[in-house]
There are 2 protein chains.
Amino acid sequence: MSVSEIRTVAVVGTGTIGASWASLFLAKGLTVRCYDPSPDAEKHSRAFVERAWSALAQLAPVPPLDHAQARLSHHPSVETAVDAADFVQENTPELLDLKRKVLTEIEAGLRPDVVIASSTSGLMPSTMQETMARPERFLVGHPFNPPHLLPLVEVVGGRHTSAQCVTTAMEFYGLLGKRAIHIRKEINGHVANRLQAALWREAVFLAAENVASVADIDAAVASGPGLRWALMGPHLTLHLAGGEGGIEHFVDHLGPAFTAWWAELGTPTLDPSTRDLLVAGISQGVGSQSVAQLAEDRDKALIKLLRAIKPLS
Amino acid sequence: MSVSEIRTVAVVGTGTIGASWASLFLAKGLTVRCYDPSPDAEKHSRAFVERAWSALAQLAPVPPLDHAQARLSHHPSVETAVDAADFVQENTPELLDLKRKVLTEIEAGLRPDVVIASSTSGLMPSTMQETMARPERFLVGHPFNPPHLLPLVEVVGGRHTSAQCVTTAMEFYGLLGKRAIHIRKEINGHVANRLQAALWREAVFLAAENVASVADIDAAVASGPGLRWALMGPHLTLHLAGGEGGIEHFVDHLGPAFTAWWAELGTPTLDPSTRDLLVAGISQGVGSQSVAQLAEDRDKALIKLLRAIKPLS
């Protein structure tokens, strides 16, 4: 089937990631069939969709909320949730044995040609698909939290994943307005989390070395290069830094300076004193603002930002 | 003198960075006295100010352009440019001997209590101030390009810089709407360029390892964590990723995963094949768009972004 014919998505596991995916699928007019073992799962999903709706409406036209809620259903088993699905997004806890068991249950109820994507951030698709009957239709479709707002999805096939499966998932996410990228090799952290880890490592080093306060290190990103990174990635940023000669000129003329910095970048450890320093530094910066309040403010700002700069490149 | 009494700024060196600083100072109502040895310097500065004006006007109310141009002057020597200055921003080429010579010329014409800030990205203030008569009033005030748009300024004192000098510079930049951060220790790349180098290193590694295309690695930033980094730095980002327990919970529960990724981050070299791969990757992504066109588009998007999300934290 063509991706444009996908009408029904099964969401297996409706915690924060699953409920966010469900909200996005509903906003795009799809029917969403859920399974989650928690007794409060349906209540939680519907409340999440309701909260997410105004954000989604600011980014693109959405159907009325009551129509969307009517297209959302919870089912008593994985098999019954997936039996009418044209695409499956799996979001269960990051435990290999559990994921493998759930994949077996998904396969038991699902049409044989339907793609199964896992939101896993930590497990490798080759490992997960080893015990599957039809491993060729399985891959990782790793979103960035929250999936209903952030465009990125990392698509990673395993050893047995078919090229068609990768193409279908990339196209499907693209139709939903996501920016799907193809990870060609299985590697811990995929791409975005590795990049995030690389940035944070140096940020932790600079804090631990008392080069600047935690708040000032954060400001160095958000008031400087972070503003560019919302518009373009590190390679294109440096292509522009190269002036008329672009990345070629940049590598030839500023490459040596960057290489020298690379050699001096820190390798901190998250020992107790570094942990205490980060905790104290954050606390000093945020004062009495709760994480919930900060996250709400961030998501509001994120929507403004997405509205201001889309279409994203 | 109090920073609010600063009325006249000398801009020594009016290349891209100096002319951008001059535009910002003029937009904030200051008088700007320039020196640059190039015969076209004044023509270039005035053209730069004219181009920058509409961008500046979108970010904050600005005086009429002709009033601003009337407050801009070029002078035949460093001494005459700085003689009426209440603050000096130096932006000459990154050559130590040249910078030291210029600092001597600045001191020859300048009132003894006035702060001299250097825009240098690569030289250390302790080294630069060694040959100065009054090294205590010298520091680095390193902007992020373009200074008239990006809020970040890294303030770095040297061995002989007075605490008062640091305070004055921080307050002055703050009054101009910049986000000045205090770098407490001299270190190559200060903070922002080290963070940029850390991110790019892993991006180069992932490209060189063929984990994803250059364009997809860039998209992994701009469609994912980069959108958050325009709003908050890496520490606060992970504080929010920790949920209710914040950074404390994050370090305790996800610290081990990040530490494991840290151990696996790449250490690429900018050898000829990596260089070619980056050049080909960029070329594939940008097609026929020139660097000038991309930079213009980026600056337009940057203004939209700054308007959408300010006040920046």
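The values are calculated or read from the model by the stated rules, or taken from the named source; none is laboratory data. All values derive from a computational prediction rather than experimental measurement. Quick reminder, even Gly has a Cβ in these numbers, built from the backbone with ideal geometry, and neighbours come from all protein chains shown.
Can you confirm whether the stretch B:229-239 contains a residue that is in a helix (DSSP H, G or I), more than 9 Å from chain A (Cβ to nearest Cβ) and either more than 24 Å from the chain's Cα centre (by Cα) or at positive phi (or both)? So far as the stretch B:229-239 goes, no, none of its residues is in a helix (DSSP H, G or I), more than 9 Å from chain A (Cβ to nearest Cβ) and either more than 24 Å from the chain's Cα centre (by Cα) or at positive phi (or both). Cβ-Cβ contacts under 8 Å between residues 6 or more apart (or on different chains), taken from a first residue in the stretch A:6-24 that is closer than 16 Å to A:SER77 by Cβ to a second residue that is among the acidic types (Asp, Glu) and buried (at least 24 other Cβ atoms within 10 Å of the Cβ), are listed as A:VAL12/A:GLU90; A:GLY13/A:GLU90. Inside the stretch A:211-227, residues that are more than 7 Å from chain B (Cβ to nearest Cβ) and part of a helix (DSSP H, G or I) make up a count of 1.
Out of the helices (runs of 4 or more DSSP H) lying entirely within the stretch A:57-156, which hold 1 or more residues that are at negative phi, in contact (Cβ under 8 Å) with a residue 60 or more places away in the chain and touching a Gly at 6+ places or on another chain (Cβ under 9 Å)?
Details: elements: A:65-70, A:78-82, A:96-109, A:125-129.
Ranges flagged: A:78-82, A:96-109, A:125-129.
Tell me, please, whether a residue that is over 17 Å from A:VAL214 (Cα atoms) and touching a Ser or Thr at 6+ places or on another chain (Cβ under 8 Å) can be found in the stretch A:267-288. No, the stretch A:267-288 has no match at all.
Just one of the listed residues (A:THR269, A:THR259) is among the polar types (S, T, N, Q), free of Cβ contacts under 8 Å to residues at least 60 places away in the same chain and outside any helix (DSSP H, G or I), and it is A:THR269.
Give A:GLY281, A:GLY255, A:GLY242 a once-over and let me know the one that is closer than 18 Å to B:GLY122 by Cα and in contact with a His (Cβ under 8 Å, 6 or more places away or on another chain).
On the way: A:GLY281 fails: closer than 18 Å to B:GLY122 by Cα; A:GLY255 fails: in contact with a His (Cβ under 8 Å, 6 or more places away or on another chain).
Within the list A:GLY281, A:GLY255, A:GLY242, the selection yields A:GLY242.
Exactly one residue out of B:ARG159, B:ARG137 is buried (at least 22 other Cβ atoms within 10 Å of the Cβ), among the charged types (D, E, K, R), more than 14 Å from the chain's Cα centre (by Cα) and assigned by TED's automatic domain parsing to the domain that holds B:ALA27, and it is B:ARG137. Scanning the stretch B:240-250 for residues that are facing chain A (nearest Cβ under 8 Å), in contact (Cβ under 8 Å) with a residue 12 or more places away in the chain and part of a helix (DSSP H, G or I) yields B:ALA241, B:ILE247.
Matching residues to (1) surrounded by 17 or more Cβ atoms within 10 Å (Cβ to Cβ); (2) at pLDDT below 95; (3) in contact with an Asp or Glu (Cβ under 8 Å, 6 or more places away or on another chain):
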{"residue": "A:PRO63", "(1), (2), (3)": "no, no, no"}
{"residue": "A:HIS67", "(1), (2), (3)": "no, no, no"}
{"residue": "A:ALA70", "(1), (2), (3)": "no, no, no"}
{"residue": "A:SER77", "(1), (2), (3)": "no, no, yes"}
{"residue": "A:THR80", "(1), (2), (3)": "no, no, no"}
{"residue": "A:ASP86", "(1), (2), (3)": "yes, no, yes"}
{"residue": "A:GLN89", "(1), (2), (3)": "yes, no, no"}
{"residue": "A:THR92", "(1), (2), (3)": "yes, no, no"}
{"residue": "A:LEU95", "(1), (2), (3)": "no, no, no"}
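Do we find that B:ILE303 is in contact (Cβ under 8 Å) with a residue 24 or more places away in the chain and at the interface with chain A (Cβ under 7 Å from one of its Cβ atoms) in this structure? Spelling it out, it is not the case that B:ILE303 is in contact (Cβ under 8 Å) with a residue 24 or more places away in the chain and at the interface with chain A (Cβ under 7 Å from one of its Cβ atoms). If you check A:ALA280, A:ALA208, A:ALA215, A:ALA220 for being more than 21 Å from the chain's Cα centre (by Cα), surrounded by fewer than 16 Cβ atoms within 10 Å (Cβ to Cβ) and either assigned by TED's automatic domain parsing to the domain that holds A:ALA198 or free of Cβ contacts under 8 Å to residues at least 40 places away in the same chain (or both), only one passes: A:ALA280. When the residues of the stretch B:119-131 are filtered to those that are touching a helix residue (DSSP H, G or I) at 6+ places or on another chain (Cβ under 7 Å) and more than 21 Å from B:ALA197 (Cβ to Cβ), the one that is surrounded by the fewest Cβ atoms within 10 Å (Cβ to Cβ) is B:THR131. Checking each residue in the stretch A:166-208 for being farther than 15 Å from B:GLY224 by Cα, more than 7 Å from chain B (Cβ to nearest Cβ) and assigned to a loop (DSSP other than H, G, I, E, B) picks out A:LEU176, A:GLU186.
On inspection, A:GLY266 does not qualify as within 7 Å of another protein chain (Cβ to nearest Cβ) and touching a Leu at 6+ places or on another chain (Cβ under 9 Å).
Give me the residue from the stretch A:1-56 that is of a type in the set (Phe, Trp, Tyr) and part of a helix (DSSP H, G or I) and, out of that set, farthest from A:ALA292 (Cα to Cα). Step through it out loud before you land on a result.
Applying the first criterion (of a type in the set (Phe, Trp, Tyr)) to the stretch A:1-56 yields A:21, A:25, A:35, A:48, A:53.
Narrowing the set further to residues that are part of a helix (DSSP H, G or I) leaves A:21, A:25, A:48, A:53.
Details: A:TRP21: 20, A:PHE25: 25, A:PHE48: 15, A:TRP53: 18 Å.
Among them, the one singled out is A:PHE25.
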